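The values are calculated or read from the model by the stated rules, or taken from the named source; none is laboratory data. This structure is a prediction, so every number in the text was calculated from the model and none was measured. Cβ placement follows ideal geometry from the backbone for every residue including glycine, while neighbour counts extend to all protein chains displayed. For the accessible areas, the whole protein counts, side chains as well, though only heavy atoms, and no ligand, DNA or RNA atoms are used. Shrake-Rupley method; radii C 1.70, N 1.55, O 1.52, S 1.80 Å.
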Amino acid sequence: MEADPDAVARLVAERLHEALGQAAVLGLATGRTMEPVYAALRERLLALPKPQRQMLLGQWRSFNLDEYVGLGPDHPQSFAAFMQRQLEGPLHLAKGCLAIPHGLTQDPDAEAQRYSAAVTAAGGIDLQLLGLGSNGHVGFNEPPCSASEPCRCLTLSAATREQNAAAFGGNPADVPCQAITLGTVEILAARRLLLVVTGAAKAQILRRALMEPPCADVPASWLQRHPRLEVVVDEAAAAQLEISGESGLLRATL
Ligand code: GLP
């Protein structure tokens, strides 16, 4: 457990940096939780000597979890635009090495299948970064959600559109109705999972996700079944967990 979101961000950036050094395929996430994480990662990478940085960035391969249907990279609230602002642009990543579902597709179901096949063709995800939705979603896997849902197009819940409304000027009606998301299948197939949760508003749902038996009502609870789940939280988010701590790595009593 870390003291605050900045300490969480530094630790997660260290994990991502290590993984890049091993030429890992990264699974990346969006959301406010990830903004300080990506800032810390930029800081680390941009501080490296140029040859070392170019070597690391030259082997960058990542897949984002999700994208809104109907929004393309030119729309500022698309996750593609978020990733462009946070990482692609500042790090000068080569075109195409940071993959994300195409939100402007005419056929979202086919796009979901294409995207899942692209993950498989890359050899699967080595390190999957995950945030936590206020209703327990991971990626955009909305409750109820089994542990065997594939990458797909789905309808977003009212709770999620409410959660993400701030980015759309505060009106949930302006948040797209549908999204394409990697499923619990692809997420649980990743070799390592890194769940990052900060802030008191997530304390209760984090407790349900980690300390109650896995169930469809809390999609993140399926993560308990993964043999290599690391949970990085700040004190506020961890307030309702029973922890026997080690530095950096949360050990909840599951
Ligand atoms: C979003 C994303 C998730 C993200 C979650 C939490 O809707 N689809 O991948 O982890 O909700 O967002 P935030 O970090 O802004 O609380």
Charge tally for neighbours of residue 9 with beta carbon under 13 Å away, counting Lys, Arg as +1 and Asp, Glu as -1, is -2
Pick from 83, 211, 34: which residue has the top mean-square fluctuation in a GNM of the chain where Cα pairs under 10 Å get a spring?
211
Once amide H atoms are built 1.01 Å from N in the peptide plane, which residues 5 or more positions from residue 215, or in another chain, come under 5 Å H to H?
221, 222
As a Kirkwood estimate from alpha-carbon pairs, region 106-180 has a hydrodynamic radius in angstrom of 13.8
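So for 75, 17, what's the accessible-area order with a 1.4 Å probe, most first?
Numbers: 75 65, 17 35 Å².
The most accessible residue leads, giving 75, 17.
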Quarter of the surface of the C-alpha convex hull for region 51-159, i.e. direction-averaged projected area in nm², equals 7.8
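Please state the equivalent ellipsoid semi-axes for the chain: what are the square roots of 5 times the Cα gyration tensor eigenvalues, largest first, in whole Å? Mind dumping the intermediate values first?
Details: eigenvalues 118, 111, 62 Å².
Rounded to whole Å, the semi-axes are 24, 24, 18.
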Which value at 222 nm does the chain reach when only helices count, each DSSP H run of 4 or more adding -39,500 (n - 2.57), with the total divided by all residues and rounded to the nearest 500 deg cm²/dmol?
-9000 deg cm²/dmol
Karplus-derived 3J(HN,Hα), 6.51/-1.76/1.60, for each residue of region 154-162, Hz, glycine and proline x:
9, 8, 6, 6, 4, 4, 6, 5, 5
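Please report, in debye to the nearest 20, how large the charge dipole of the chain is about its Cα centre when each Lys and Arg carries +1 at its beta carbon and each Asp and Glu carries -1 there.
Numbers: 21 positive and 27 negative charges, 126 e Å.
The calculation lands at about 600 debye.
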Quick one: which residues, 5+ away or cross-chain, put their amide H under 5 Å from the amide H of residue 151? H built at 1.01 Å from N.
183, 186
